[in-house]
Each structure stands twice: as structure tokens, then as C-alpha cells.
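Reviewing the structure listed below.
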Amino acid sequence: MVKAVVGANWGDEGKGKITDMLAQEADIVVRFQGGANAGHTIVNKYGKFALHSLPSGVFNDHTTSIIGNGVALNIPILIKELQSIVEKGVPMPDIKVSDRAQIVMSYHIKFDEYEEERLAGRSFGSTKSGIAPFYSDKFAKIGFQVSELFQEEEVLREKAENICEKKNVVLEYLYHKPLLKAEDILEELKQYREMIAPYVCDVSTLLWNAQKEGKEILLEGQLGSLKDPDHGIYPMVTSSSTLAAYGAVGAGIPPYAIKEIITVCKAYSSAVGAGAFVSEIFGEEADELRRRGGDGGEYGATTGRPRRMGWFDCVASRYGCRIQGTTDVAFTVLDVLGYLDEIPVCVAYDINGEITTEFPTTPLLEKAKPVFEVLPGWKSDIRGIRNYEDLPLNCRRYIEFVEEKLGFPITMVSNGPGREDIIYREK
Ligand code: GDP
């Protein structure tokens, strides 16, 4: 049985916590897209961890953690992260890396930096992890697949020379930066080969066999629906698909194998980087929510940047859930809202005087104004509650209001960062 855990919003919904929790019953957790540009924060018996490239199953000794072919694989970061969790007392996890995954090279990171520098004020707010240059090269067919590391040096040299020829034109004339040398690329590849060799595996065969044996497989998404390059807020998106459907491609499993799609949806909104954010709030109201948000404030797990804050957006979240193919919604960080007397919720968009509940394309989204409905707060701390009926009435009303607007069942309510902070609900 394959389940996917994905985000409904702009990322940072708490997917790491939900994956870590569900991973206790999973045999295999697979990362299928994205790279080390976003992080998951996980709190469990070993401590608090910000994972950027390891799947959130690494804390369970019975779980195999897989980096699928769809991932932007940064080998030094992966190895460093592995060492750092082992140093903190986590048993050495069973890691497998797809022989079809492609490698983030140091020049991808450089190109990301140079481009942000060139764009200056017009930048996309990249985390400078090399993700866009990496995926560009993958689809331009000049990337390095893990399997290629094990080829004869001459073949690699020829490819490296071709890469230098193309990239050096841009480096010289657009960015005015030091040029690449084929020799350095070869040396980098050699180092990566040694670092990654113990983990390389034919992942799609492994997953095929695991499915036949009835194993529990979790696909772990990064970021959220609205950052998807096709269905998100293009161009302020990421460079690989954030949708559960892509889990089939990025892990190498049949699309029909994905039986449950658990879409993680946060009880208020936050976003990083540029782009339209209709329900955004500012000033002291935003600062307070940011300070109280998540577990220790809403600041980027990778960059430390303060996140942009907003009220819950039913329009964006309903669309985000629909485009994922949601079977279950996990509604997270609800405990954070306990300080509010009243909670505004964005229920529709006003676009040039027309009221809509359908999420539009970017040019219209830029013009959208939020239509708010205000719900009463519950003014209490709901952490520690385990039964839905024990939640304050106004809190249940908030959940049921959102559920009705989403049109998908909220079957899990997360009321704290820990694994055990979860309330299950029947569909
Ligand atoms: P991800 O990228 O979707 O995994 O999300 P992040 O890890 O960036 O952000 C989620 C943050 O919220 C982390 O700091 C989590 O520890 C925290 N978190 C997750 N669920 C809850 C919850 O229900 N309540 C609170 N207070 N924090 C939560």
C-alpha cells in the first residue's frame, strides 16, 4: 500500500511531522522530488531536527529511507545530514539512493547565486541551493545521473568538456565570473562516487518488489501545491512537481499504486519568497503570529528567513487539496491560534469586483483581494488533547468550517509539534 504525504499550500505545513508520525508504521519512506532547498522540522525522542535531504523516516530503525530518482541529490549535504543525526544518537538508518537520481553539482549552486545577484531586486527569492539550474540541466540533458558516476573516465571527461563549453559562455559574458574546468568537474564526480557508492540502488525494482510483498510505502513531498511549476503560482514556484501524482514518476511506481493522499494543510498561512499571497497580513498582527507560529516561530528551516504570514485561505487551500487528489486532510498547527479572540478566514477572492472561490492563474491572482469571514476564537491551549470531542466548541467550529470550505475530510488534527500531538477523526 502506498500513501503520499504532500502539502496543500506554500510549503512548511508540517509534512515532516506528519511523515515522521506515519513512518512509525511504514516500511519505506521515499523522497520523490525537490532538493535540499526546503527543510522539515521534526521533534521526537532523539531531539529536534531540521532535515533538508533525508526522508522523515530516518528515525525509525525498521524503516528504509529512499532518495528517489525525482530528487535533486546534493551528495555532500546528504552525507553530512546522515552523520549529524547519527552523532545525536539516532541509529544509522538504512538509506538507498536511486541510481537514476541526478546530482546537484557545485556549479549549479554557483549559477543560482550568480542569477540571484544579476536579478537583484527582481529575484525569485531562491534559497541558492542550485535547484533551478539543476532541473534546467536535467531536462536539457546535460545533468549527471548517479549511474553515470560509475562510467569510464573518458566518457565523463567528454561530457564535462561539453558542459564547460556551454556554461563558460554564460559565466564569461553574462555573469563575469570564474570559468569552469573539466578537470575540476571530474574531480568532484570522483569524490561523489566514493561518498554515494554504498547507498546506490535500483529503487524502482526495490519498490516494485516491496509492493508485491504488501509493504507500507510512504511518499514524502516537499513544499506544497502552490509551488508546483504547472499548477502553482508560476513563476514563483519551485522547479520540480510538488504533487502526489509526481510521486509515481519521482519514485518509479505505478500511478494506481497510490491509494491514500494525505494533504497537509496549515491552520493559518505562511509563505517564503516572492509571489502573490492574497490573505497576507502585516505589522504587529503578522509579527505576533510569526512569533507564536510553528514550533518556535515561523522562520525558514533552511535559510532562517522570517516567513510571510497570513490568515487561512480557503480558496488557495481548496484548490491545493483538489490538485493533489486528496483523500485525507491533516490540519496542522491549530494550537498556535489559541491566543486569538477572533480569527479571520479568507473565504473568497475579489478580482476586479468579481467574487470567486476558484483559484486563478497568476496574472489574476496578483489582482485578488481577500474576502474575510471572522470566526470566534477559543482562547485556550489545546495541546495535549487527544479526543476530538474534548476540543473547545469554537475550535471544532473552526475545523468544521474549514472542512466544509475545503470539500475534503479533515481526518487528522495536529495540535503540537510532537509525534503524539494528533487527534484522529472519522471520515
Ligand atoms: P514541512 O516542511 O511541511 O515539514 O514544515 P516545517 O517543518 O517547515 O514547518 C512546520 C513547523 O511546525 C515545524 O517547526 C514543526 O515542528 C511545527 N509543527 C508541525 N505541526 C505542528 C503543530 O501541530 N503545532 C505546532 N505548534 N507546531 C507544529
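The values are calculated or read from the model by the stated rules, or taken from the named source; none is laboratory data. It should be emphasised that the depicted structure is a prediction, and the values quoted were computed from it without experimental measurement. As a convention, Cβ positions derive from the backbone with ideal geometry for all residues, glycine included, and neighbour counts pool all protein chains shown. Surface accessibility is based on the protein's heavy atoms, side chains included, excluding ligands, DNA and RNA. Shrake-Rupley method; radii C 1.70, N 1.55, O 1.52, S 1.80 Å.
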Given the options Thr242, Thr263, name the one that is crowded, with 24+ Cβ neighbours inside 10 Å, in contact with a His (Cβ under 9 Å, 6 or more places away or on another chain) and either among the acidic types (Asp, Glu) or farther than 22 Å from Tyr349 by Cα (or both). Thr242
Candidate set: region 37-53, residues that are of a type outside the set (A, V, I, L, M) and within 8 Å of the ligand (Cβ to nearest atom); chosen: the one modelled with the lowest pLDDT: Gly39
Among the listed residues Ser53, Ser123, which satisfies the condition of being closer than 23 Å to Arg193 by Cα and among the small types (Gly, Ala, Ser)? Ser53
List, please: which pairs have Cβ atoms under 7 Å, are six or more places apart or on different chains, and start with a residue in region 360-381 that is on the phi < 0 side of the Ramachandran plot and end with one that is polar (S, T, N, Q) and surrounded by 14 or more Cβ atoms within 10 Å (Cβ to Cβ)? Pro370/Ser279; Pro376/Asn394; Gly377/Asn394; Trp378/Asn394
With the requirement that a residue be at positive phi and either at pLDDT 95 or above or among the aliphatic types (A, V, I, L, M) (or both), what does region 220-276 give you? Leu223, Gly252
For region 127-143, does any single residue satisfy the condition of being assigned to a helix (DSSP H, G or I), out of contact with any Gly (no Cβ under 6 Å at 6 or more places or on another chain) and open to solvent by 50 Å² or more (accessible area, probe 1.4 Å)? yes
Single residue of region 1-36 satisfying the filter (among the polar types (S, T, N, Q) and out of contact with any Asp or Glu (no Cβ under 9 Å at 6 or more places or on another chain)) that is nearest to the ligand (Cβ to nearest atom): Gln33
In region 210-239, how many residues are open to solvent by less than 10 Å² (accessible area, probe 1.4 Å) and over 26 Å from Ile422 (Cα atoms)? 3
Which one is nearest to the ligand (Cβ to nearest atom), of the residues in region 407-422 that are outside any loop (DSSP other than H, G, I, E, B) and at pLDDT 95 or above? Ser414
Regarding Ile410, is this residue more than 30 Å from Ala4 (Cα to Cα), surrounded by 17 or more Cβ atoms within 10 Å (Cβ to Cβ) and not small (Gly, Ala, Ser)? no
Count, please, the residues in region 327-377 that happen to be open to solvent by 20 Å² or more (accessible area, probe 1.4 Å), aromatic (Phe, Trp, Tyr) and within 16 Å of the ligand (Cβ to nearest atom). 1
Looking at region 73-87, I want the residues that are surrounded by fewer than 23 Cβ atoms within 10 Å (Cβ to Cβ) and have a partner that is in a helix (DSSP H, G or I) with Cβ atoms under 6 Å, at least 6 apart or on another chain. Which pairs are those? Ile79/Met195
